[in-house]
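Enquirer: Sharing a structure here in structure tokens format.
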Amino acid sequence: MGKKRIGILTSGGDCPGLNFAIRAVVSHATLTYGYEVLGLPYATQGLLERKAIALPSQGLSYLHGIDPLLCIGGTILGSLSKGDTLDRADEIIAGYTELGLDAVIAIGGDGSMAILRELAKLGNWNLVMIPKTIDNDVALTHQSLGFNSAVSTVTESLERLSFTAASHDRAIVVEVMGRTAGHLALHSGIAGGADAILIPEISFSFASLTQHIDRLREERERRFALIVVAEGVQSAIDAVNEENPCALSVSQYIAEQVSQKTKGKIETRVTVLGHVQRGGLPSALDRIMGSALGKSAVDLVAQETFDQMVAWRDGEATGVPLDMVVEQSPIVVDPHSSLVQTARALGTYVGEVT
Ligand code: F6P
């Protein structure tokens, strides 16, 4: 098993923790195995344009002895959101050979995994993937890189919003990301003490929602409310309002309905957290996970075990077959899961019980 040249790339939406995974790959590959690591900028764009950055063993230049990879958010390699496609597949595939790569370690979500796996199959690449996404919808891993940090960011935002909501007796509708899945809304809603959590996996009614908020006012003297809504609920709202699907965002629509249905008794405001959820530095767990997943990805390359994803399972990094991950993703919230039941046990409205 001679010296290898590994290409590393980040694909899809960025998230906290990516630079920790890159750091671990570079460090373990170069120091433990004596391999060479090339950073491929902007995912497949790097392969297409034959652009590669040599990543030395010590990472970026140290600043006063501090490793910058520990304190930079996003991805130092740049990424493409919805940019990895099979267009120009032949040219991308040829980039692997022309850059003299023996393997690619790619950090991405389920969409990137499907496309990169296809490219790897067509081009006979040796591919290992690391799961990342604040949506946490990748199959066969208990958690994806970036999710824990995003949950912390949303939780902190809910705490901040609760004070202003309480000061004015308002219901604030907080829209969070997550694509078609409600994991981020559910986890952060529980952590941040939300009064209602609306996710695409569970249907809800405005009558029950407003009744719930009303009851909190009457019975618990909680005169404000935090309603967390996952962006994926938008499709349910659009389906109801077929004639005018795009007029309001999901959070605006919910706020308007709550206000209307209570004849203005409940004053509402809307906060869309947006890309704040993807920014900033990673949580301690994402730092640890990024490091462990990066290290294990390099070990798989060294063992020549490819077409794998390094999953985070029971607190450890372990390889799982990539075809199964692609086949089973995205994973959405199970309406009967213990976490949904936990939220309800805490008195949170999580849609209709079925
Ligand atoms: O998949 C991650 C994610 O942040 C989703 O939660 C969100 O819907 C989407 O990406 C936003 O993508 P973009 O950054 O391209 O607007």
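Enquirer: Between the alpha-carbon centers of the stretch 1-69 and the stretch 190-216, tell me the distance in whole angstrom.
Expert: The two parts, judged by their Cα centres, are 44 Å apart.
Enquirer: Right, something else. Find out how many positive minus negative residues lie around Glu36, taking Lys and Arg as positive, Asp and Glu as negative, among other residues whose Cβ is under 12 Å from that of Glu36. Before the final figure, lay out the partial values.
Expert: On the way: positive: Lys3, Lys4, Arg5; negative: Asp102.
Summing Lys/Arg as +1 and Asp/Glu as -1 gives +2.
Enquirer: Run the simple label-point estimate for Asp323 and Gln260 please: 7 Å along Cα→C-beta, distance reported in nm.
Expert: My value for the distance between the label points is 5.1 nm.
Enquirer: How many nm separate the modelled label positions at Ala114 and His142, each set 7 Å beyond the Cα in the direction of the Cβ?
Expert: According to this spin-label approximation, the distance is 2.8 nm.
Enquirer: I would also like to ask the following. How much length is gained if the chain between Glu221 and Ser81 is pulled fully straight, taking 0.36 nm per residue apart and subtracting their Cα-Cα distance, in nm to one decimal? Before the final figure, lay out the partial values.
Expert: Numbers: separation 140, 0.36 × 140 = 50.40 nm, distance 4.49 nm.
Length difference between fully extended and current span is 45.9 nm.
Enquirer: Of Gly109, Gly65, Gly39, which is the most mobile in a GNM of the chain whose springs link Cα atoms less than 10 angstrom apart?
Expert: Comparing Gly109, Gly65, Gly39 in the GNM, the peak value goes to Gly65.
Enquirer: Averaged per residue, what accessible surface does the stretch 59-212 expose to a 1.4 Å probe, in Å²? Could you put the intermediate results ahead of the total?
Expert: Numbers: 5780 Å² over 154 residues.
The answer is 38 Å² per residue.
Enquirer: Here is a follow-up. Under 10 Å, Cα contacts only: if you run a Gaussian network model on the chain, which one of Gly315, Gly111, Gly95 comes out with the highest mean-square fluctuation?
Expert: Of Gly315, Gly111, Gly95, the Gaussian network model singles out Gly315 as fluctuating most.
Enquirer: When ligands, DNA and RNA are left out and all protein chains stay put, how many square angstrom of accessible area per residue does the stretch 1-50 have with a 1.4 Å probe? Kindly include the intermediate steps, with their values, before the conclusion.
Expert: Numbers: 1580 Å² over 50 residues.
Roughly 32 Å² per residue, with all protein chains present.
Enquirer: Let me ask another. Computing the accessible area with a 1.4 Å probe over protein heavy atoms, can you report the carbon and sulfur percentage for the chain?
Expert: On the way: 7770 of 15240 Å².
The value for the chain is 51 percent carbon and sulfur by accessible area.
Enquirer: Using a Gaussian network model of the chain whose springs link C-alpha atoms within less than 10 Å, name the residue from Leu63, Leu339, Leu47 with the highest mean-square fluctuation.
Expert: Comparing Leu63, Leu339, Leu47 in the GNM, the peak value goes to Leu63.
Enquirer: Considering only DSSP beta bridges with both partners in the chain, what is the antiparallel share in %, to the nearest 5?
Expert: Details: 9 of 42 bridges.
Once the DSSP bridges in the chain are tallied, antiparallel ones form about 20 percent.
Enquirer: Continuing with the same structure: Chymotrypsin sites (Phe, Trp or Tyr not before Pro), restricted to the stretch 13-78: which are DSSP loop and have at most 13 other Cβ atoms within 10 Å? It would help to have the intermediate numbers written out before the result.
Expert: Details: sites: Phe20, Tyr33, Tyr35, Tyr42, Tyr62; in loops: Tyr33, Tyr35, Tyr42, Tyr62.
Answer in residue order: Tyr62.
Enquirer: With θ set to phi - 60° and the Karplus curve 6.51 cos²θ - 1.76 cosθ + 1.60, what are the ³J(HN,Hα) couplings of the stretch 262-269 in order, to the nearest whole Hz, using x for Gly and Pro?
Expert: Values, residue by residue: 9, 6, x, 4, 9, 7, 10, 9 Hz.
Enquirer: Points 7 angstrom from Cα along the Cβ direction at Arg160 and Lys51: gap in nanometres?
Expert: If labels sit at Arg160 and Lys51, their model points lie 3.3 nm apart.
Enquirer: Then there is this: Output the DSSP H helices from the chain with an along-axis C-alpha extent of no less than 24 Å and a mean Kyte-Doolittle hydropathy no less than 0.5.
Expert: Details: long enough: 147-168 (32 Å, 0.12); 284-302 (27 Å, 0.82).
Result, helices passing both filters: 284-302.
Enquirer: Provide the net charge surrounding Ile66, with neighbours chosen by a C-beta distance below 15 Å and charges set as Lys +1, Arg +1, Asp -1, Glu -1.
Expert: Working: positive: Arg23, Arg287; negative: Asp67.
It works out to a net charge of +1.
Enquirer: Can I ask one more? Which value, in Å² rounded to 10, gives the accessible area of Thr348 with a 1.4 Å probe and all protein chains present?
Expert: Counting only protein heavy atoms, the figure is 20 Å².
The values are calculated or read from the model by the stated rules, or taken from the named source; none is laboratory data. What you see is a predicted model; the values in this text were computed from it and never measured. Glycine gets a Cβ as well: all are built from the backbone with ideal geometry, and neighbour counts include every protein chain shown. Surface areas here come from the heavy atoms of the whole protein model, side chains and all, with no ligands, DNA or RNA. Shrake-Rupley method; radii C 1.70, N 1.55, O 1.52, S 1.80 Å.
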